[in-house]
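> The structure's right below; bear with me while I get my questions together.
The values are calculated or read from the model by the stated rules, or taken from the named source; none is laboratory data. Model, not experiment: these values are computed from the prediction. Glycine gets a Cβ as well: all are built from the backbone with ideal geometry, and neighbour counts include every protein chain shown.
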């Protein structure tokens, strides 16, 4: 195999991108070439939320083996309720709604980091427990709140510029900023150093605890942002709106090329995997696959993409 091709297939985003293109071609072929552009537009419109949540989860997983945030669904729901509750369907409350929604994400991230680092509770247990507490709060708040997103937010999440949703453009800008931070900032180098070997990173002078705190706060903030935007996109919050983001946030990160053992991350791969996952679900719906069989096929295809990527990526030493 030529060197250029070997380098291409070794890229973290290659198999997720190839899978997305293949699934899109199947959908277009099934519709006899009609609606291919609409499918891509719809994929961008919906997968942007998976991508935003995935980028946050990616930062946590890249910071070391075992790091994960399972409180994301509850975080999304809480931010949606708090922000929409502040807006109450008026543009005047939009800024305050964004502020309180993002603040809730920061607080949840700090709480998760406290449970994990100060109380030494395993990340999976700590974030799952905090998620259950947040869900209870969401349930109580939903019974007394008049939560409705501002019309300006609804317009922002549904309007398009040159055929591209505005929310997608904003998310791409945010993702580009994350890429710059990971590649060029001290924090980015610290994230990868901690992910590769925490002990070695500590001996090299990296503040491991602070780096992990920042990772969890960033993850929760991205989840909160996704919750605010998703509430505008769907017309308002609901108690189960975050449920679909739990496994998808992990799937898009892993499929996209982030090493679950830490030390490696791919923002582009996370976006590619988000589009692939949405197109895959769309294809199965087009073929009217039974829900039970749909889960089997989805799982099998995800495993196949992971296996291909694992076999062709250079292994960390």
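> What residue, of 296, 260, 254, 213, is under 20 Å from the mean Cα position of the chain (by Cα), farther than 26 Å from residue 156 by Cβ, assigned to a helix (DSSP H, G or I) and at pLDDT below 90?
One residue alone meets the criteria, 254.
> Could you please tell me which pairs satisfy a Cβ distance under 8 Å, a separation of 6+ or placement on different chains, a first residue in the stretch 48-70 that is within 19 Å of residue 17 (Cβ to Cβ), and a second residue that is outside any helix (DSSP H, G or I)?
48/165; 54/256; 58/256; 58/258; 58/265; 58/266
> Specify which of the listed residues (65, 99) is in contact with a helix residue (DSSP H, G or I) (Cβ under 9 Å, 6 or more places away or on another chain) and farther than 30 Å from residue 277 by Cα. Explain how you work it out, then say what you get.
On the way: 65 fails: farther than 30 Å from residue 277 by Cα.
Sole residue among the options that is in contact with a helix residue (DSSP H, G or I) (Cβ under 9 Å, 6 or more places away or on another chain) and farther than 30 Å from residue 277 by Cα: 99.
> Considering each of 247, 239 in turn, give the residue that is in a helix (DSSP H, G or I) and surrounded by fewer than 24 Cβ atoms within 10 Å (Cβ to Cβ). I'd like the intermediate steps shown before the answer.
Details: 239 fails: in a helix (DSSP H, G or I).
Sole residue among the options that is in a helix (DSSP H, G or I) and surrounded by fewer than 24 Cβ atoms within 10 Å (Cβ to Cβ): 247.
> Let me ask something else about it. Answer yes or no as to whether residue 54 is under 25 Å from residue 248 (Cα atoms), modelled with pLDDT of 85 or more and surrounded by 18 or more Cβ atoms within 10 Å (Cβ to Cβ). Working first, answer last.
Working: under 25 Å from residue 248 (Cα atoms): yes; modelled with pLDDT of 85 or more: yes; surrounded by 18 or more Cβ atoms within 10 Å (Cβ to Cβ): yes.
When the stated conditions are applied, residue 54 passes them.
Yes/no matrix, rows are residues, columns are (1) buried (at least 18 other Cβ atoms within 10 Å of the Cβ); (2) in contact with a helix residue (DSSP H, G or I) (Cβ under 6 Å, 6 or more places away or on another chain); (3) within 17 Å of residue 123 (Cα to Cα):
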site	(1), (2), (3)
183	no, no, no
188	yes, yes, no
206	yes, yes, no
224	yes, yes, no
257	yes, yes, no
264	yes, no, no
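> Could you run through the stretch 129-173 and say how many residues are in contact (Cβ under 8 Å) with a residue 60 or more places away in the chain and touching a strand residue (DSSP E or B) at 6+ places or on another chain (Cβ under 8 Å)?
Of the residues in that region, 2 qualify.
> Mind listing just one residue for me: the one in the stretch 116-132 that is in contact with a helix residue (DSSP H, G or I) (Cβ under 8 Å, 6 or more places away or on another chain) and surrounded by fewer than 20 Cβ atoms within 10 Å (Cβ to Cβ) and, of those, nearest to residue 82 (Cα to Cα)? Step through it out loud before you land on a result.
Step one: list which residues in the stretch 116-132 are in contact with a helix residue (DSSP H, G or I) (Cβ under 8 Å, 6 or more places away or on another chain), which gives 116-117, 119, 121-123, 126-127, 129-132.
With the extra rule that they be surrounded by fewer than 20 Cβ atoms within 10 Å (Cβ to Cβ), the set shrinks to 117, 119, 121-122, 129, 132.
Working: 117: 27, 119: 28, 121: 28, 122: 28, 129: 20, 132: 17 Å.
Out of the qualifying residues, it is 132.
> Being exposed (fewer than 11 other Cβ atoms within 10 Å of the Cβ) and under 20 Å from residue 225 (Cα atoms) is the filter here, so list the residues in the stretch 159-176 that pass it.
Our first condition is that a residue be exposed (fewer than 11 other Cβ atoms within 10 Å of the Cβ); within the stretch 159-176, this holds for 159, 161-163, 173.
The answer is 159, 173.
> Any residue at all in the stretch 11-29 that's part of a helix (DSSP H, G or I), touching a strand residue (DSSP E or B) at 6+ places or on another chain (Cβ under 7 Å) and buried (at least 18 other Cβ atoms within 10 Å of the Cβ)? Walk me through it before giving the result.
Our first condition is that a residue be part of a helix (DSSP H, G or I); within the stretch 11-29, this holds for 14-29.
Still in the running and touching a strand residue (DSSP E or B) at 6+ places or on another chain (Cβ under 7 Å): none.
Looking for residues that are part of a helix (DSSP H, G or I), touching a strand residue (DSSP E or B) at 6+ places or on another chain (Cβ under 7 Å) and buried (at least 18 other Cβ atoms within 10 Å of the Cβ), one finds none in the stretch 11-29, hence no.
> Within the stretch 71-90, which residues are more than 17 Å from residue 105 (Cα to Cα) and surrounded by fewer than 24 Cβ atoms within 10 Å (Cβ to Cβ)? Full working, then the answer.
Step one: of the stretch 71-90, the residues more than 17 Å from residue 105 (Cα to Cα) are 87-90.
Residues satisfying the conditions are 88, 89, 90.
> Look through the stretch 71-97, keep the residues that are modelled with pLDDT under 95 and in a loop (DSSP other than H, G, I, E, B), and return whichever of them is farthest from residue 124 (Cα to Cα).
Within the stretch 71-97, the match that is farthest from residue 124 (Cα to Cα) is 90.
> Consider the stretch 193-203. How many of its residues are farther than 13 Å from residue 67 by Cα and touching a helix residue (DSSP H, G or I) at 6+ places or on another chain (Cβ under 7 Å)?
Residues in the stretch 193-203 being farther than 13 Å from residue 67 by Cα and touching a helix residue (DSSP H, G or I) at 6+ places or on another chain (Cβ under 7 Å): 3 in total.
> Is it the case that residue 68 is farther than 18 Å from residue 233 by Cα, surrounded by 16 or more Cβ atoms within 10 Å (Cβ to Cβ), at pLDDT below 95 and under 21 Å from the mean Cα position of the chain (by Cα)?
yes
> OK, next. Consider residue 288 against the criteria (1) outside any helix (DSSP H, G or I); (2) within 18 Å of the chain's Cα centre (by Cα): it satisfies all of them except one. Which criterion is unmet?
(2)
> If you scan the stretch 57-70, which residues turn out to be within 13 Å of residue 246 (Cβ to Cβ) and assigned to a helix (DSSP H, G or I)?
Keep residues of the stretch 57-70 that are within 13 Å of residue 246 (Cβ to Cβ), which gives 57, 68-70.
Across the stretch 57-70, the qualifying residue is only 57.
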